[in-house]
Amino acid sequence: MNLDYFNKDLTLDMFWAVLLGTVIIYAILIIYTRIFGLKSFSKMTGFDFINTIAIGNLFAMTIGTGSPKLLMGAIIIGILYGMNYLISLIQFKSDKAQEVLDNSPLLLMMGQNILEENMKKCKITHDELRGKLREANVIRLSQVKAVILETTGGISVLHSDESIEIEDYILEDVQR
């Protein structure tokens, strides 16, 4: 068996350079995360997901291939963090921008009624819906007040044994 593939181009100098580059880029990622906040660790919107993939790719390319070079990789990663922060800020300041840039939450169930058109629209199956109801400890459909597909892709199940109504504020931004 030829092991050249596994140690091709590996020199001691290269090992130390990759190790140092990895530590530096990793530290820069931590610094950027501290500067721009922890939002990237919460449930992600579409923009957060794109940003995470791009940053992960740049991180791997910078330390693994040296292209882009260390400083350029750090700058590009910083620009991506900045763009994601800017988009979040714009969405926070403008309801219209929020509406244009992000999906609206979508109602999947209202009370015991499954909204089939909305289920088809977002390609959620009945098996997935039942699974989310079970995760929320719903044992009777009569307990369900609403089931919502959130902008992050998560599903929220609002339920109660009591005969109380959901306040309008809770469903204000939900597409019906």
Exercise. Against the longest alpha carbon principal axis of the chain, how many degrees, from 0 to 90 and to the nearest 10, is the axis of helix 126-135 turned?
Worked result: 90
Exercise. Which value in Å does the Kirkwood hydrodynamic radius of the stretch 64-123 take, with 1/r averaged over all unlike C-alpha pairs and then inverted?
Worked result: 15.1
Problem set entry | Inter-centroid distance (Cα atoms) of the stretch 128-160 relative to the stretch 46-85, Å | 36
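Computed from the coordinates by the stated procedures, all read-outs in this text should not be read as laboratory data. Bear in mind the structure is a predicted one, so any value in this text is a computation, not a measurement.
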